[in-house]
Amino acid sequence: MSQGEPLIITAAVVGAETMREDTPYVPYTPEEIAAEARLAREAGASIAHVHGRKADGTPTQDKETFSQILDKIQDRTDIIVQFSTGGAVGMDVEERIAGLQLGPEMATLTTGTVNFGNSIFANSLPTIKTIAERLSEYDITPEIEVFDSGMLRTANYLIDRGFLKPPLHFDFVMGMPGGIGPRPRDLEYLLEMLPEESTWSVAGIGKYELPLAREAIERGGHVRVGLEDNIYVDKNQLAEGNAELVERVVDMAESIGRDIANPDEAREMLKI
Ligand code: KMH
Ligand code: ZN
């Protein structure tokens, strides 16, 4: 018997931080990113979260790079493409959102500032509002990225002021130094503040990725995994691509009887 709503798996196939020195499996070029998105889709992912990279791996939010990523993914698969608007630390807001004019189905919106390694991932209220307005202008479904509880308070504030319109999809990024912890009770606390009608997923960072995926599946949430957040499939064993991490999540879901959403089912659940 199937348990609850089908599970939406997001594959964060490439972020701004993981480099080839960390793992040889991280994709850089649009071609490589699209190939990873397709393999992740075949493994069970219905959303591909993407950042841009230059050929040498330097992060970029350049529109032309995103255009190639979008085209190449859409040539290969029906996966939902979600652009990052976070980019890399230190980028200004216009740089971060340059690709939104291309009209991806989804894009992220982080509703607050957080320490990020030795840097700061800065999201002032004006920055958040600018991104929210641009998402609405281009009719792009936001995924609200929450690295700590205050970001949920800000999301609620933005809903009250009309900058964000429910129903919304939230992604809880948990276990990153500087952000909220990785414990089940941390998740419980976030869920208490979740606006009504929301859907939610968990992205556990590093070694917390797979344990938190299980927690989210069991609680009826959704899951994000991928080389942006974690490069290991087991202790000291590198994941040989994003699909391997997605496969782990599919196995977990199957073990508790939860179906996996395909992209069209995810579109319907997320009101895309
Ligand atoms: N790279 C981080 C600074 C997002 O994609 O929206 C921000 C980030 C969030 O990855
Ligand atoms: Zn990202």
What's the number of the only condition in (1) assigned to a loop (DSSP other than H, G, I, E, B); (2) within 26 Å of residue 191 (Cβ to Cβ) that residue 128 fails to meet? (1)
For segment 131-145, the count of residues that are free of Cβ contacts under 8 Å to residues at least 40 places away in the same chain and not in a helix (DSSP H, G or I) equals 4
When residue 114 is evaluated against the numbered criteria (1) of a type in the set (A, V, I, L, M); (2) closer than 20 Å to residue 13 by Cβ; (3) surrounded by 19 or more Cβ atoms within 10 Å (Cβ to Cβ), which criterion, by number, is the only one it fails? (2)
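Name every residue in segment 70-98 that is within 12 Å of ligand 1 (Cβ to nearest atom) and either under 19 Å from residue 54 (Cβ atoms) or among the aromatic types (Phe, Trp, Tyr) (or both), in order of residue number. Give the derivation first.
Filtering segment 70-98 for residues within 12 Å of ligand 1 (Cβ to nearest atom) gives 82-91, 96-97.
83, 84, 85, 86, 87, 88, 89, 90, 91, 96, 97 - these are the residues of segment 70-98 that are within 12 Å of ligand 1 (Cβ to nearest atom) and either under 19 Å from residue 54 (Cβ atoms) or among the aromatic types (Phe, Trp, Tyr) (or both).
A short reminder: the numbers here are calculations on the coordinates, not readings from a lab. Here the structure is a predicted model, which is why all the values come from computation and not from measurement. All Cβ positions, even for glycine, are placed from backbone atoms using ideal geometry, and neighbour counts span all protein chains on display.
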